[in-house]
1. Considering every residue within segment 111-126, establish whether at least one is assigned to a loop (DSSP other than H, G, I, E, B) and out of contact with any helix residue (DSSP H, G or I) (no Cβ under 7 Å at 6 or more places or on another chain).
2. Restricting segment 258-274 to residues that are basic (Lys, Arg) and crowded, with 24+ Cβ neighbours inside 10 Å, which is farthest from ligand 1 (Cβ to nearest atom)?
3. Just to verify a result, which residue in segment 15-54, among those that are within 17 Å of Glu65 (Cα to Cα) and among the acidic types (Asp, Glu), is surrounded by the fewest Cβ atoms within 10 Å (Cβ to Cβ)?
4. On the basis of being under 30 Å from Leu118 (Cβ atoms) and crowded, with 16+ Cβ neighbours inside 10 Å, does Tyr198 make the cut?
5. Can you go through Gly262, Gly272, Gly236, Gly245 and tell me which one is within 16 Å of ligand 3 (Cβ to nearest atom), under 24 Å from Met415 (Cβ atoms) and either assigned to a strand (DSSP E or B) or of a type outside the set (A, V, I, L, M, F, W, C) (or both)?
6. Evaluate segment 275-286: report whether one residue or more is within 13 Å of ligand 2 (Cβ to nearest atom), touching a strand residue (DSSP E or B) at 6+ places or on another chain (Cβ under 8 Å) and under 26 Å from Tyr23 (Cβ atoms).
7. Working only within segment 1-38, note down all residues that are under 25 Å from Arg109 (Cα atoms) and hydroxyl-bearing (Ser, Thr, Tyr).
8. Please state which one of Ala69, Ala40, Ala46, Ala28 is within 16 Å of ligand 3 (Cβ to nearest atom) and aliphatic (A, V, I, L, M).
Amino acid sequence: MSDNIAVIGLSWGDEGKGKFVDYLAQKADIVVRYNGGNNAGHTIEANGIKYKFKLIPSGAPLEKECIIANGCVVDPKVLLEEIDNLKKLDKKINLKLSSTAHVIFPFHRVLDGLEEELKGKYSAGTTKRGIGPTYSDKAARWGLRIFDLINPEILKPKLEKLYHIKKNLIRVYDPTWDVDIDSIFEEYKSYGEQLKPYVIDTAYYLNKVLDSGKKVVFEAAQGNLLGIDHGCYPYGTSSNPNALGITAGTGIPPKKIGKVIGIVKAYTSRVGNGFFPTELFNNTSEKIREQGNEYGTVTGRSRRVGWIDLFNIKYGIMINGIDKIVITLLDALQEINPIKMCTAYELDGKILESWPIQHEIIEKCKPIYRTFEGWEELTRDKWLEIALKGYDSLPDTMKVYIQAIKDELQTDIAMISIGPDRTETIVLDENIF
Ligand code: GDP
Ligand code: IMO
Ligand code: MG
């Protein structure tokens, strides 16, 4: 097996992928984002700086080589802003952008909003960043790629054709809609000029550097349950935010992926619509939301919170072939007593054997819980001190909870996280990477 490692969120996103991609990048050469776009928000805290990335891979704080691969959809304006932010922090930028990633245009964002309205109760509550419409155009084979963006003579006719198609579609719903296509062309031509130095054939490059022995961290955006093929359709996103998305999203053959690590929050959160069996609507959820700072990085929306759902995590372990898990945000459950853990679903008086992917079935299921004693509130300094001392110094009740997760999932735990900072991490498996 190769030495590479993939970091996958096992729920509905925001599990703490960014923190652990950064952590694992300490021993890697390259970090690759392979799905999604600026619907993602990945947070890293290190050396007193808080980084929030939507597109740039989470290897940037450590100045690792960062690759945005072909499976991503790119809003060039957002990417250029992120590059600028890193420059302001005096960070060395070592970025490569795939020539075959798809480009998000302003009309994709307009369509995202319109389609959400039309879908009514079936809307996912998207980030309205144009993600779905851009992936739709990719599948329809009239989308524009980064290669088109950096070649104005190719961009112009393709953009005019796409604009014409989109204009006619948007005007069905909003007859007054229009944008000045010449100004979009000029704006995007300029983005293309600025991004051109970063653009390469990343599939070819990645295969070459992997063969030369470089170590890669594959960074998923979103979470397993938001996946287009194996998630809560239609209440998810438009890419494969799982380990299955890595090969198509990068051009790396399956056998080169290496280990796959699943990130699991100590409770569950979800932004947007769709059924959430363990969701809480009381003072407990408010307390967890405050303690875990559960407000969306991209849209600022309050995240919905609930108990950990090991039944849907087991499903994620199967779909992704998870080798080991990482448990995050354990500190955010402080002073919550008791803590509940969903281990199974009941439907019509029977315990289900497999997680029901269809939302109409999930809506009828009743979660089955185990109950645990919580742990006390500690200061941030105290959590840091515990992280430095190691696993044995964790509160005893937290250790019981962690052991129960391991036993229920029958999966080993590689690391645990008791704070947002890189240092607030306890490594249980030194050979993880
Ligand atoms: P991602 O989308 O999976 O990368 O996760 P986000 O960055 O959107 O959300 C996770 C949030 O939790 C961020 O604000 C992180 O800084 C924070 N975080 C990560 N791990 C921990 C932890 O163990 N404890 C606390 N309190 N915060 C954490
Ligand atoms: P990270 O990478 C949480 C959700 C949206 C919506 C659905 C579809 O930070 O974990 P989209 O804009 O993709 O068409 O929205 O998916 N969603 C996320 N939720 N974290 C994310 O990314 C998300 N990216 C998309 O809220 O329900
Ligand atoms: Mg996030």
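The values are calculated or read from the model by the stated rules, or taken from the named source; none is laboratory data. Remember, it's a predicted structure, so these values are computed and weren't measured experimentally. Note: ideal-geometry Cβ built from the backbone for every residue, glycine included; neighbour counts use all protein chains shown.
1. Looking through segment 111-126, at least one residue is assigned to a loop (DSSP other than H, G, I, E, B) and out of contact with any helix residue (DSSP H, G or I) (no Cβ under 7 Å at 6 or more places or on another chain).
2. Among those that are basic (Lys, Arg) and crowded, with 24+ Cβ neighbours inside 10 Å, it is Arg270.
3. Asp29
4. Against the criterion (under 30 Å from Leu118 (Cβ atoms) and crowded, with 16+ Cβ neighbours inside 10 Å), Tyr198 does not qualify.
5. Matching residue, one of Gly262, Gly272, Gly236, Gly245: Gly262.
6. The answer is no, given that none of the residues of segment 275-286 is within 13 Å of ligand 2 (Cβ to nearest atom), touching a strand residue (DSSP E or B) at 6+ places or on another chain (Cβ under 8 Å) and under 26 Å from Tyr23 (Cβ atoms).
7. Tyr34
8. Result of the check over Ala69, Ala40, Ala46, Ala28: Ala40.
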